[in-house]
Every structure is written in C-alpha cells, then in structure tokens.
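Every number in this text was worked out from the coordinates using simple rules, so none of it is lab data. All figures in this text were calculated on a predicted structure; none of them were measured in a lab. A quick note on method: Cβ atoms are made from the backbone with ideal geometry, for glycine too, and the neighbour counts reach across all protein chains shown.
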C-alpha cells in the first residue's frame, strides 16, 4: 500500500467518524471542519454557515487554476448495515463506511494530497448536496471567484463525466367533487380519475421522446413517485395529489417540459409546484452545452484524466455550469455502491484518484 493511499485511509477513517447525515442535516461549523482546518496547514481557510446544516469550507493555497469541490454530507444509514456505519472497515480490497464512496473518499484523498505536496490547490467542501436545498454552491457562486474550471467529486470510477441529466421534482393536485359512485360521472368529477388520465398521457408523452439524444444519453427519464387521494371505493374522490419527477437531457428545455406536463389533460391540475430544479450538465442551449462539453474535455485531457460516458444521475457540477464555469465530474468509486447498506469504495479506485490529483498538483497545473 502506497504512502498516499495509507494517508487517504487515515483521513477517511476520521471523516467517516463524523456524523454528517442529511437528513437530519445537524451539521455545524465545528467537528469535521475542525479536523479539516487542522489538516490543511498553509491554506487560507474560510468557513461559512448558510443555515439549516449547510456549511462550506473554502481552502486555498497559492493561485490555482482549478477548484476541486466535494460534499461531506451523506444520506442516512439504513437498518441493514452489518457494522457501525461511522467506523471505517478496511476489508480486503475495499473500504467500508457511510460516505466512503459518496464521497468522503475523495475528500480524504484531497487532504492527503494537500499534505504530500506544496503545489497550488483550491478546495471547496460543502454539506447540502444530499438535500433539495442547494445553498452552499449558490452562496459560493454569488462571491464571484475566478477559476478556469470546477472539478466536482462524485463516484465516476475515476473517469471524467462531462454530461449528465438534470432533475426536476413536481407536486401537483387535482380537484373533483365528492359524491356517490353509483351515478354517471363526468371526466372532471373524480380527482383520482383525472390523476390517472394524466398519468397515462404523461407516460405516452415520455415514450415519444425516446429518439432524443445528447452525449450518449437517450430519451427522457420520468417517474410517478406517489399518488394519494380518495376516500373509499363507492365515493367519488374530491382530491388527489401526485408527486412526479423527470430527468431531461442537456438539450431539453425544462420549462417547456414543465408546461407540457401541466397541460396534458383537461381539466388542468388545480395546483402545480416545482419542488426542486437541478439543471443538466453542461448548462445552456444545445450549442452552448456542446461547446462547454468540448471545453471540459480539453481540460480533462490536459490533466491526464480519462473521459468516460455521460451518466443519468445528477451532480452539483450542473450548478457550477449554470453559474458560468466549465465544470465536469471526477471521483473514485462506483455509483452502484452509493446510498447502499455497507457502502464501500475500492482501494484501487482511491489509489488511482489520489495519484492523479497528486500528479496534477505536484506538476503545478492545478
């Protein structure tokens, strides 16, 4: 085991030991940030509390060209863990612990590199990625920092991901009129019937988008996640609530999609609220997005990072892209292990990542 990997595991053990689950999002400016302050000597460090457990640490040494971003919050642990999720276990070729894959492994590697090199380096740690309330990146963007690109750590098997889908979540309701179910009904009488007709129309619409493509991704991803309403079988349902989400390609206009979903049936939903909006990567219209994708590819090539395929999951790289930065995703681990019981990251992935970051920083091209 190399010294860099050993240092990464030492830091990862410490980082996994801090409870940064989100929810409950009970995260302050101490604890894990005290540890990072202590282990980033020579850096100018700014810690900002944005409320509700959203905290950022911005650490800079020298005058770097690129910013490395990594989130420290994790999902809650499931009851199926075989051991304490906050105690790192190194078992054979993997490191097991809550957040080890998503994405404290990358954070640990960045700290290890910071201590093993003297090169210019900029780090942004945040704690709200796992919530639908992205305060940290929004606050950072408002400060007007200048970087050639932002490299966001997520599990990508040590390949640069230049494009991914957006994600949008919507809550809507239908209104009907309660009554006895034995009589003849108009289409608008039952709120549940309206919701079901809407669902059928939505699925048909999504199916018609299967020919759309961008960067290796195909079609529109869509899911009806929750339907509630009605009282009993012999009563016409006066209300129905539907929660759905969709994941567009970078070339798709989310506002057009939102308007389309709202207008699929008559009567239209009584209420219609977008709960979360995460834009695609890269941001912009088709031409702008493609130009940004090519620029990100050139930077990945310069840094010696292999370029992988576009992915279906969302990352905060899209927020930086929408804020005007060239941005891509790069980190150790496989998304298949993220958010699982006994979450783990392969040691060879950590080795590849920490070696690559060290080479970038030590060569002075960070």
Review point. So what is the calculated 222 nm ellipticity per residue for the chain, using -39500 (n - 2.57) for each DSSP H run with n of 4 or more, over all residues, to the nearest 500 deg cm²/dmol?
Key: -9000 deg cm²/dmol
Review point. In the Gaussian network model of the chain, springs joining C-alpha atoms below 10 Å, which of 326, 103, 236 carries the largest mean-square fluctuation?
Key: 236
Study note, to complete from the structure: Convex hull around the C-alpha positions of the stretch 119-186: the volume in Å³ per residue is 230 Å³
**Study point:** Rg/Rh (Cα only; Kirkwood hydrodynamic radius) as it applies to the chain
**Key:** 1.04
Check your understanding: Rg(Cα) of the stretch 167-278 divided by 2.2 N^0.38 Å?
Key -> 1.17
Practice item. Kindly express, to the nearest 10 degrees and within the range 0 to 90, the angle between helix 191-207's C-alpha long axis and the longest C-alpha principal axis of the chain. Key: 50 degrees
Point to revise | the stretch 61-119-the stretch 43-60 distance, computed between alpha-carbon centres (Å) | key: 17 Å
Point to revise | Mean Cα-pair separation over length for the chain, i.e. relative contact order, pairs under 8 Å, 6 or more apart, % | key: 26 percent
Exercise for review: Classify the stretch 250-366 as rounded, prolate or oblate, taking a ≥ b ≥ c as the square roots of the eigenvalues of its Cα gyration tensor: rounded when a/c is under 1.5, otherwise prolate if a/b is larger than b/c and oblate if not.
Suggested key: oblate
Review point. Based on DSSP, what percent of beta bridges with both residues in the chain are antiparallel, to the nearest 5?
Key: 75 percent
Check your understanding: What is the helix-to-structure angle for 3-17, meaning the angle in degrees between its Cα long axis and the longest Cα principal axis of the chain, kept from 0 to 90 and rounded to the nearest 10?
Key -> 50 degrees
Study note, to complete from the structure: For 63-70, 160-167, 287-294, ranked highest to lowest by mean beta-carbon neighbours within 10 Å, the order is 160-167, 63-70, 287-294
Practice item. Could you work out how far the C-alpha centroid of the stretch 160-208 sits from that of the stretch 298-366, in angstrom? Key: 38 Å
Check your understanding: Tilt of helix 105-116 relative to the longest C-alpha principal axis of the chain, in degrees (0 to 90, nearest 10)?
Key -> 20 degrees
